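Take a look at the structure below.
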Amino acid sequence: MPGFYARVIFPWVLELSLGGAAFAKERANALNPAHGEVLEVGFGTGLNLPHYPRSVARLVALDPEEMLPAKVSERIAAASFPVERVQQAGEHLPFAAGQFDCVVTTLTLCTIADPVSALSEIRRVLRVGGKYLFLEHGRSADARVARLQDRVNPWWRRCGMGRGCNINRPTDALIAEGGLRITSLQRQTMGRPRIMKEMYRGLATP
């Protein structure tokens, strides 16, 4: 059952929970500065693909798992730029230093086992003047909500629905610890439950 859930059910949970109009708008805003050679860490089911601007020349789509292959193939076929799939975890990127103009993560840092290592790798593969674009959920700036996140997180991380997701990671602090400098950051809450919808959207540079 866990294998069936991971392969079949969980990807559709992602589609239903993260594929709506509100998240589509946030994706478009986050991805608007993307250009040139782009690496997306945590490609998932390809929900970002329709929201990349025409300034993207090529996308390398990295993810440790292959989810909804038929749906993903349709989305890749509809993209206006070539897409290369790479099955790999984010902590060790198999690319040369300075290879990419932009690196993207959307709702990804919450599940990576070692997010600081992944962010250090993102910094390494960015070119001088490159951009890291992110749309993530994480720790609330409201102390009461943050305390509730801390209480719920151990259970959520282990349960089937969460599949390793952490709801209380301080995304901005992790980005800085990974050696990147945040130049733009917007914080907001996108609905309920609030402990899972505290959003960080922005841009950072090496």
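The numbers here are math on the coordinates, done by the rules we state, and not lab data. Note that the structure is a prediction, hence the values are computed from the model and not measured. Here the Cβ positions follow ideal geometry from the backbone for every residue, glycine too, while neighbour counts run over all protein chains shown.
Straight-line cross-link partners of K131 among the aspartates and glutamates, defined as a Cα under 19 Å from its Cα and at least 8 positions apart when in the same chain: E26, E37, E40, E91, D101, E121, D172, E177.
The packing ranking, built from the mean of other Cβ atoms within 10 Å per residue, places the peptides 73-81, 20-28, 96-104, 48-56 in the order 96-104, 48-56, 20-28, 73-81, highest first. Quick note on the chain: its Rg to Rh ratio, both from C-alpha atoms and Rh being the Kirkwood radius, is 0.94. Full extension of the segment from R158 to L14, taken as 0.36 nm per residue of separation minus the current Cα-Cα distance, would add 50.1 nm. A crude spin-label estimate for the pair R192 and K71, with each label 7 Å from Cα along the Cβ direction, gives 2.6 nm.
For the chain, the 222 nm mean residue ellipticity estimated from helices alone, with every DSSP H stretch of n ≥ 4 adding -39500 (n - 2.57) and the total spread over all residues, rounds to -9500 deg cm²/dmol. The alpha carbons of segment 29-101 occupy a box of 32, 27, 20 Å along the principal axes, longest dimension given first. Looking at the chain alone, DSSP beta bridges between its own residues are antiparallel in about 40 percent of cases.
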